[in-house]
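Here's the structure, in structure tokens; my notes come after.
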Amino acid sequence: MNFKDILSERSVFINKDALSPHYLPEKIIHREKEIEKIMRVIAPVFKNKRPNNVFIYGKTGTGKTSSVKYIMKQFKELPSNGVINYVNCRMYNTRYKILQKLANDIVGFSKNGFPPSHFYERLLSWINNGNKFLIIVLDEIDVIKDLNELIYTLTRANDEIRSGGISIIGISNKISFKNQLDNRSRSALLESEVVFPPYNSEQLKEILTYRANLGFNENSCDSSAINLAAAIAARETGDARYALKLLMYAGEIADERKDEMVTYKHVEEARKNVEKDLVTEAVATLPEHQQLVLYALSILSINGSKYQKLNEEKEDLFMMGELYETYQKVCKQLKREVRSSRWCKEYIRELEALGLVETISSGKGIRGHSTLVRLLYSKDWIKKTVEGMLIHTDSE
């Protein structure tokens with residue numbers, strides 16, 4: 001076996017990238033209304049007027065980022081004094097990093113070592129001198145560590161700009177992140193809101209059919225594979241990324257086995273790998289303190305409860321108080337600021353909404369009525385996964 005042999009093998013794929021969740025197709029199916037709403041918010045820039053800030057919310061895999069990137073592509077095709085700059089807040093997660101990126105992308109090279117005011121002044125000078133309108137897309141806005149300061153800086157700039165302006169498009173899959181904002185930031189950011197609902201099974205089927213026609217060779221993907229991938233994703237969370245990954249992994253399995261057609265059987269086999277990938281991705285995109293709570297729960301699950309009776313009667317279930325104690329220890333060990341028990345409960349609600357943990361009521365007998373929590377995935381795997389992410393953050 002050599003490379004020539006491998007390259008000469010028949011593949012079910014004609015353009016594998018078209019099945020990637022990161023691929024931007026020529027049309028975005030079943031997001032026409034949401035795209036139109038966002039376009040209407042941005043449209044005033046073509047008349048030299050500052051657009052409102054807009055907050056875009058929707059669960060993972062509902063087409064938020066793809067829709068905004070599609071709009072950015074359309075925007076660039078028309079002449080205007082506006083510039084849209086996309087920021088992945090997972091990579092640029094502080095006010096300093098974001099201002100530096102904006103100054104670098106728009107004005108030119110900016111070295112490290114300058115204060116944030118340096119980048120801010122360069123941006124303002126560029127806007128004022130050219131009557132420019134800067135539209136900043138903050139994708140995963142909820143992970144920015146000093147978000148209130150950033151929003152204040154960017155919205156305050158409009159008071160200092162003689163002509164032109166700055167607008168923000170914030171994208172998040174966590175609607176509760178608005179609770180992190182102070183009143184001033186909340187009112188500034190939420191001038192307009194657009195909600196992306198989950199896809200249903202029929203919508204996912206149409207999306208997958210469209211992508212399959214782009215990604216697979218003719219007659220290489222059976223409708224049974226599309227139907228099952230759509231049904232699984234719809235039943236889980238209506239996540240199009242999940243559905244696309246199922247279909248792509250199914251195609252890879254078919255290629256490995258030299259099967260000429262992707263069927264529902266390949267999708268069934270692909271499901272475990274996709275779920276593990278998506279859980280890893282979900283954990284990676286969690287705010288740090290949600291990761292810390294998840295890490296604490298994995299440690300507690302490995303070590304067991306100090307309340308013997310609880311361990312005997314409720315396997316792998318732990319009281320919120322004991323989880324909070326472990327979370328405090330973890331924060332101190334990793335030199336992180338400890339949040340209140342109220343925030344810990346809020347993080348657990350978020351983790352439960354993502355399907356990573358489960359909570360139940362203890363009923364009578366264990367310190368009265370208590371809320372118990374447990375992991376829904378392998379405790380050792382979760383510990384190893386989160387630990388790697390927290391250590392990586394420390395090394396940055």
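The values are calculated or read from the model by the stated rules, or taken from the named source; none is laboratory data. From a predicted model like this one, the values you see are computed outputs, not experimental measurements. FYI the Cβ positions are ideal-geometry reconstructions off the backbone, even for glycines, and counts take in every protein chain you see.
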Restricting to the range 114-150, give me the number of residues that are among the basic types (Lys, Arg) and either within 26 Å of Asn179 (Cα to Cα) or in a helix (DSSP H, G or I) (or both). 2
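What are the residues in the range 62-117 that are polar (S, T, N, Q) and either within 26 Å of the chain's Cα centre (by Cα) or outside the structural domain of Asn148 (by TED's automatic domain parsing) (or both), if any? Steps first, please.
Residues of the range 62-117 that are polar (S, T, N, Q), as a first pass: 62, 65-67, 74, 80-81, 85, 88, 93-94, 100, 104, 110, 112, 117.
Within the range 62-117, Thr62, Thr65, Ser66, Ser67, Gln74, Asn85, Asn88, Asn93, Thr94, Gln100, Asn104 meet the criteria.
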When Arg184 is evaluated against the numbered criteria (1) surrounded by 14 or more Cβ atoms within 10 Å (Cβ to Cβ); (2) assigned by TED's automatic domain parsing to the domain that holds Arg90; (3) in contact with a Phe, Trp or Tyr (Cβ under 8 Å, 6 or more places away or on another chain), which criterion, by number, is the only one it fails? (1)
Among the candidates Glu275, Glu252, Glu260, Glu268, single out the residue that is of a type outside the set (Lys, Arg) and outside any helix (DSSP H, G or I). Glu260
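Quick check on this structure: which one of Glu275, Glu322, Glu256, Glu236 is over 24 Å from the mean Cα position of the chain (by Cα) and not assigned by TED's automatic domain parsing to the domain that holds Leu390? Don't jump to the end; show me each part of the working.
Working: Glu275 fails: over 24 Å from the mean Cα position of the chain (by Cα); Glu322 fails: not assigned by TED's automatic domain parsing to the domain that holds Leu390; Glu236 fails: over 24 Å from the mean Cα position of the chain (by Cα).
Residue meeting the stated conditions: Glu256.
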Please pick out the residue among Phe55, Phe46 that is in the same structural domain as Ser176 (by TED's automatic domain parsing), surrounded by fewer than 18 Cβ atoms within 10 Å (Cβ to Cβ) and among the aromatic types (Phe, Trp, Tyr). Phe46
So, first residue touching a residue at least 60 places away in the same chain (Cβ under 8 Å) in the range 75-97, second residue crowded, with 18+ Cβ neighbours inside 10 Å and acidic (Asp, Glu), Cβ within less than 7 Å, six or more apart or across chains; the pairs are Arg90/Glu140
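Here is a list: Tyr70, Tyr23. Which entry is touching a helix residue (DSSP H, G or I) at 6+ places or on another chain (Cβ under 9 Å) and surrounded by fewer than 17 Cβ atoms within 10 Å (Cβ to Cβ)?
Working: Tyr70 fails: surrounded by fewer than 17 Cβ atoms within 10 Å (Cβ to Cβ).
Among Tyr70, Tyr23, only Tyr23 is touching a helix residue (DSSP H, G or I) at 6+ places or on another chain (Cβ under 9 Å) and surrounded by fewer than 17 Cβ atoms within 10 Å (Cβ to Cβ).
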For the range 245-261, give me each residue that is over 15 Å from Lys272 (Cα atoms) and touching a residue at least 40 places away in the same chain (Cβ under 8 Å). Ala254, Asp255, Lys258, Asp259, Glu260, Met261
Just one of the numbered conditions (1) in contact with a strand residue (DSSP E or B) (Cβ under 6 Å, 6 or more places away or on another chain); (2) over 29 Å from Ala18 (Cβ atoms); (3) buried (at least 22 other Cβ atoms within 10 Å of the Cβ) is not true of Ile169; which one? (2)
One residue from Leu228, Leu246 being assigned to a helix (DSSP H, G or I), modelled with pLDDT of 95 or more, crowded, with 21+ Cβ neighbours inside 10 Å and out of contact with any Phe, Trp or Tyr (no Cβ under 9 Å at 6 or more places or on another chain): Leu246
Search the range 348-372 for residues that are under 16 Å from Ser305 (Cα atoms) and aromatic (Phe, Trp, Tyr) and pair each with any residue that is outside any helix (DSSP H, G or I) and modelled with pLDDT of 80 or more when their beta-carbon atoms are under 8 Å apart and the residues are at least 6 apart or on different chains. none
